1. Assuming Ile379 fulfils every condition listed in (1) farther than 25 Å from Ala268 by Cα; (2) touching a helix residue (DSSP H, G or I) at 6+ places or on another chain (Cβ under 9 Å); (3) in the same structural domain as Thr236 (by TED's automatic domain parsing); (4) buried (at least 18 other Cβ atoms within 10 Å of the Cβ) apart from one, which condition is it?
2. Mind checking which residues of region 304-331 are farther than 20 Å from Ser243 by Cα and in contact with a Phe, Trp or Tyr (Cβ under 6 Å, 6 or more places away or on another chain)?
3. Pick out, from region 54-163, the helices (runs of 4 or more DSSP H) lying fully within it that include 3 or more residues that are among the aliphatic types (A, V, I, L, M).
4. Can you tell me which residue in region 388-408 is surrounded by the fewest Cβ atoms within 10 Å (Cβ to Cβ), limited to those that are out of contact with any strand residue (DSSP E or B) (no Cβ under 7 Å at 6 or more places or on another chain) and on the phi < 0 side of the Ramachandran plot?
5. Give the residue, chosen from Thr62, Thr3, that is modelled with pLDDT under 90 and more than 28 Å from Ile377 (Cβ to Cβ).
6. Please identify the pairs in which a residue from region 31-60 that is within 16 Å of Pro313 (Cβ to Cβ) has its Cβ atom under 7 Å from the Cβ atom of a residue that is assigned to a loop (DSSP other than H, G, I, E, B) and among the β-branched types (Val, Ile, Thr), counting only partners at least 6 apart or on another chain.
7. Being part of a helix (DSSP H, G or I), under 14 Å from Gln453 (Cβ atoms) and touching a helix residue (DSSP H, G or I) at 6+ places or on another chain (Cβ under 6 Å) is the filter here; which residues of region 397-424 pass it?
8. Do you know which of the residues in region 166-219 that are in a strand (DSSP E or B) and either touching a Cys at 6+ places or on another chain (Cβ under 8 Å) or charged (D, E, K, R) (or both) is surrounded by the fewest Cβ atoms within 10 Å (Cβ to Cβ)?
Amino acid sequence: MTTLPSTTPLDALAPDLRGRLLRPDDPGYAELAVPWNVAFWDPAAGPVAVVEALDAQDVATTVRHAAAQGLQVAVQNTGHGATGVAPGTVLVHTGRMTELTVAHGRVRAGAGVRWTDVLAATPDGLAGLTGSAPDVGVVGYLTGGGHGPVARTFGVASDRVTAFEVVTGDGAVRRATAGENPALFWGLRGGRGALGIVTAVEFSLVELPALLAGSLWFDGAETARVLHAWREWTATLPEQATSSVAIVRLPPEAGPLGGRVSVAVRYAWVGDPDTGRRILDEAGFPASLLGGVGPMPYAQIGSVHADPVDPMPVHEASTLLGSLPAETVDAVLAAAGPEADCPQIVVELRHLGGALARPGEPSAVSHRGAAFCLSSIGIAAPPTRPHGRALLAAVAPWSTGGRLPNFAASAEPAEVARAYDPGTLSRLSTLVATYDPHGVIAAAAPVRAAVMQDR
């Protein structure tokens, strides 16, 4: 851990804050510093201090003080997308910034707001475009683009953002919209925090009068049949349907599907339920062991994927596919099917296309033309990471080489580069140099390194 002398100018930060300044020995430090993905927590190399920010001025004050000391500033709310902290980092925790207004089809959410809060506050018939795990923070999700359970119908969630309040690396509080600081607005949608610390976001809701959704669980012996049927079915799905299929290995204590291989089909249909049922029946899946699909309030959309909410140490790998021929499914089955020595908890294929493939609002969101996303998630143990790399290598002939920013978050320059096309990465780098000239924002460093690596 990077340590500072017992008395430093950083100590002068505390009187200028509304929130708390916590050092490693202070009560409450670990509670705020440890991320949800505890694989990236090292108690011997944590942040030199945590600022529990209460407003944008707390964040701006922190950035200016850190810059004066030659320190970087990272940000965390839930820590689902944690990538670790470099030595000499001050962590801004935004969990207390819980401003939330839902009115007239629009939302303003502080940086500490989670999607569960938005879902609970949204009137029936309207929807905020959450991801598959609504326990994550709104800001982090939207700065990464956002490909959720109804994404083929409504597109990338960040396209619905109308404004950001952000503290840039020079310590200024700025508002970014299509008409005010438009270049900053462009980069904040998809740039994953490289251009500053977002303290609030504003976005529009979508109209969603009816939703048919759920998941079907099948025995592992049916994995090949289900995956091939799903592949053929998705080839003609209308964009009212969003679906994914996952090979799952749950621990023995996880109920009736624990200790065995199973396969789950997730499905969401926007529109007439009878039509949605007919479309699902056309897939020809075998009889399911568990689960079901039916009319669902949008506030319960998280139950479709049923992602875990308790902290976990996980490693992830992900890539985008340009197509999904039968040979690709066979490669996935060889690496992760019932007969494979697979350490992953979940290996998922997510269907893209539909509204996701349309140009959308100009932003740093790249790879809109990808057809599928392949991802793996496993407990952080020695076999997991090399197996994830081997899985991606197995599908390399069909991969675009890209990835989505919110999947398999990483601070490795090569991985950061994969989240963008070359032109977008170059423009992000230019904006980083403009708004963070002294290298204060921790999330900007991998973008700088990714561009230098390509030269």
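1. (4)
2. Passing the criteria: only Pro311.
3. 56-69, 115-121, 138-143
4. Here the answer is Ala396.
5. Only one candidate passes the filter, namely Thr3.
6. Pairs that qualify, where the first residue is within 16 Å of Pro313 (Cβ to Cβ) and the partner is assigned to a loop (DSSP other than H, G, I, E, B) and among the β-branched types (Val, Ile, Thr), are Trp36/Thr78; Phe40/Thr83; Trp41/Val34; Gly46/Val85.
7. If the condition is that a residue be part of a helix (DSSP H, G or I), under 14 Å from Gln453 (Cβ atoms) and touching a helix residue (DSSP H, G or I) at 6+ places or on another chain (Cβ under 6 Å), then Pro413, Val416, Ala417 are the ones that fit.
8. Here the residue is Glu207.
The values are calculated or read from the model by the stated rules, or taken from the named source; none is laboratory data. This structure is a prediction, so every number in the text was calculated from the model and none was measured. Backbone-built Cβ (ideal geometry, glycine too); neighbour counts: all protein chains shown.
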